[in-house]
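S.K.: What follows is a structure written as structure tokens; I'll ask about it next.
The values are calculated or read from the model by the stated rules, or taken from the named source; none is laboratory data. Please read all numbers here as calculations on a predicted model, not as lab measurements. Cβ sites come from the backbone with ideal geometry, for glycine too, and all protein chains shown count toward neighbours.
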Amino acid sequence: MLVVMQQGATDEQIQRVIDRLVSLGFTVHRSTGVMHTVLGGVGPVEDMDPADFEVMDGVKECHRIVSPYKLVSRHFRPQGTVIKIGDVEIGGDHVVTMAGPCSVESREQIECIAAIVAAQGAKVLRGGAFKPRSSPYSFQGLGEEGLKLMRAAADRHGLLVVSEIMDHTQLPMLLTYADILQIGARNMQNFNLLREVGRVRKPVLLKRGISATIEELLLAAEYIMSGGNYDVILCERGIRTFETYTRNTMDVSAIPVVKKLSHLPIVGDPSHGTGRRDLIFPMARAAVAAGADGLLVEVHPDPDHAASDGAQTLNPAQYAEMMQQVRSIASAVGRSA
């Protein structure tokens with residue numbers, strides 16, 4: 001149930017509606033916009049008549065939400081969500097770039113990359129300290145030492161940090177070092193982990209699962225938001241299809257679809273989306289043209305000798321060229337990058 005309060009509705013009127021929803025068995029989530037307060041009630045919608053709420057003082061309108069995701073729905077926050085972390089806004093007019101290596105390998109490597117991506121306009125340093133690899137014999141990351149190195153490099157260059165959390169036991173550690181918690185594709189439906197990050201007040205970057213539908217992605221985000229954490233950033237990172245030429249098939253069409261269905265910001269990951277360095281440029285351009293609020297890109301000083309995912313990683317010169325192209329596309333669609 002979605003109750004939209006009138007402009008200027010008093011706190012007392014809003015509280016009366018909340019109390020009534022709670023008395024009927026709803027869990028209430030409040031969203032305060034520029035003009036209206038919206039109350040999202042999750043509960044026994046089937047037996048409720050919206051007219052019962054529309055006659056209450058201060059109520060503008062009331063609707064049933066029939067989609068399986070309630071809080072993620074565009075109806076819950078029609079104006080869209082802008083996530084603010086310090087002076088960085090994700091979901092606004094600026095296309096935010098998150099760039100860095102697949103894995104943190106050494107102090108020298110992450111310092112070098114932090115300086116490079118910051119100089120080219122990135123706002124967030126990305127890098128893995130815990131790496132979910134298909135083979136148990138592949139490089140698994142430096143763990144907490146990698147997080148320390150990344151945090152120090154980011155602070156020196158005025159960047160935020162996004163890094164992947166693999167398990168809920170790592171949450172205290174990630175909360176210490178990261179500004180954004182990344183849920184990887186393999187963990188998109190790890191519901192215990194989703195519930196845990198839903199209890200904290202730290203932005204979450206939720207990647208689409210390897211074979212997940214758009215609805216499944218939005219339902220995964222619903223798990224996080226139902227816990228009270230509304231700062232969720234979705235990520236299109238490619239899905240598994242019958243095509244074998246690319247590592248994944250980057251579903252660029254998912255970006256405008258998500259924008260239509262949900263108020264949450266969405267970023268594109270052309271590195272994982274294709275798995276090929278030579279395809280990152282066109283897919284980054286396409287993602288921004290399709291409405292992506294940001295890009296997640298892998299950059300390494302020497303990709304051919306990277307500890308992981310070198311084939312889908314840009315070198316510094318390529319990254320600079322990509323950013324130049326992305327700025328042109330962003331400008332063409334009325335945004336900046």
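S.K.: Out of curiosity, is residue 306 farther than 30 Å from residue 77 by Cβ, modelled with pLDDT under 95 and either surrounded by fewer than 19 Cβ atoms within 10 Å (Cβ to Cβ) or under 21 Å from the mean Cα position of the chain (by Cα) (or both)?
M.R.: Answer is no for this residue.
S.K.: Being among the small types (Gly, Ala, Ser) and farther than 19 Å from residue 90 by Cβ is the filter here, so list the residues in the stretch 143-201 that pass it.
M.R.: Those that are among the small types (Gly, Ala, Ser) and farther than 19 Å from residue 90 by Cβ: 143, 146, 152, 153, 185.
Table: residues versus (1) under 24 Å from residue 260 (Cβ atoms); (2) under 14 Å from the mean Cα position of the chain (by Cα); (3) outside the structural domain of residue 89 (by TED's automatic domain parsing); (4) polar (S, T, N, Q).
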residue	(1), (2), (3), (4)
189	yes, no, no, yes
196	no, no, no, no
199	no, no, no, no
209	yes, yes, no, no
213	yes, no, no, yes
219	yes, yes, no, no
228	no, no, no, no
233	yes, yes, no, no
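S.K.: On to the next question. Out of the stretch 190-223, which residues are closer than 16 Å to residue 268 by Cβ and outside any loop (DSSP other than H, G, I, E, B)?
M.R.: Passing the criteria: 205, 206, 207, 214, 217.
S.K.: I'm trying to understand the selection: among the residues of the stretch 72-104, which are buried (at least 22 other Cβ atoms within 10 Å of the Cβ) and under 23 Å from residue 299 (Cα atoms)?
M.R.: 90, 95, 96, 97, 98, 99, 100, 101, 102, 103, 104
S.K.: Here's a follow-up. Do we find that residue 256 is crowded, with 20+ Cβ neighbours inside 10 Å and free of Cβ contacts under 8 Å to residues at least 40 places away in the same chain in this structure? Talk me through it step by step, then tell me what you get.
M.R.: Details: crowded, with 20+ Cβ neighbours inside 10 Å: no; free of Cβ contacts under 8 Å to residues at least 40 places away in the same chain: yes.
No; evaluated as a whole, the condition is false for this residue.
S.K.: For residues in the stretch 13-30 being out of contact with any Ser or Thr (no Cβ under 7 Å at 6 or more places or on another chain) and in a strand (DSSP E or B), which is nearest to residue 264 (Cα to Cα)?
M.R.: Of the stretch 13-30, the ones out of contact with any Ser or Thr (no Cβ under 7 Å at 6 or more places or on another chain) are 13, 15-29.
Then keep just the ones that are in a strand (DSSP E or B); that gives 27-29.
Numbers: 27: 20, 28: 19, 29: 15 Å.
Checking each candidate, the answer is 29.
S.K.: Restricting attention to the stretch 147-189, and to residues there that are charged (D, E, K, R) and part of a loop (DSSP other than H, G, I, E, B), which single residue is nearest to residue 104 (Cα to Cα)?
M.R.: At the first step, the residues of the stretch 147-189 found to be charged (D, E, K, R) are 148, 151, 155-156, 164, 167, 179, 186.
Those still in the list that are part of a loop (DSSP other than H, G, I, E, B) too: 167, 179.
On the way: 167: 19, 179: 16 Å.
Residue satisfying both the conditions and the ranking: 179.
S.K.: Looking at this structure, is residue 56 part of a loop (DSSP other than H, G, I, E, B), at pLDDT 90 or above and either more than 30 Å from residue 159 (Cα to Cα) or more than 26 Å from the chain's Cα centre (by Cα) (or both)? Break it down stepwise before answering.
M.R.: Details: part of a loop (DSSP other than H, G, I, E, B): yes; at pLDDT 90 or above: yes; either more than 30 Å from residue 159 (Cα to Cα) or more than 26 Å from the chain's Cα centre (by Cα) (or both): yes.
So residue 56 passes the test.
S.K.: Look at residue 185 and say whether it is more than 21 Å from residue 226 (Cα to Cα), buried (at least 20 other Cβ atoms within 10 Å of the Cβ) and touching a residue at least 12 places away in the same chain (Cβ under 8 Å). Spell out the reasoning first.
M.R.: On the way: more than 21 Å from residue 226 (Cα to Cα): no; buried (at least 20 other Cβ atoms within 10 Å of the Cβ): yes; touching a residue at least 12 places away in the same chain (Cβ under 8 Å): yes.
When the stated conditions are applied, residue 185 does not pass them.
S.K.: Now a separate question. Could you list, in sequence order, all residues of the stretch 259-284 that are of a type outside the set (A, V, I, L, M, F, W, C), under 16 Å from residue 326 (Cβ atoms) and surrounded by fewer than 18 Cβ atoms within 10 Å (Cβ to Cβ)?
M.R.: Passing the criteria: only 282.
S.K.: Looking only at strands (runs of 3 or more DSSP E) that fall completely inside the stretch 225-337, which ones have 1 or more residues that are under 17 Å from residue 101 (Cβ atoms), in contact with a Pro (Cβ under 8 Å, 6 or more places away or on another chain) and aliphatic (A, V, I, L, M)?
M.R.: Fully inside the stretch 225-337 and qualifying: 294-298.
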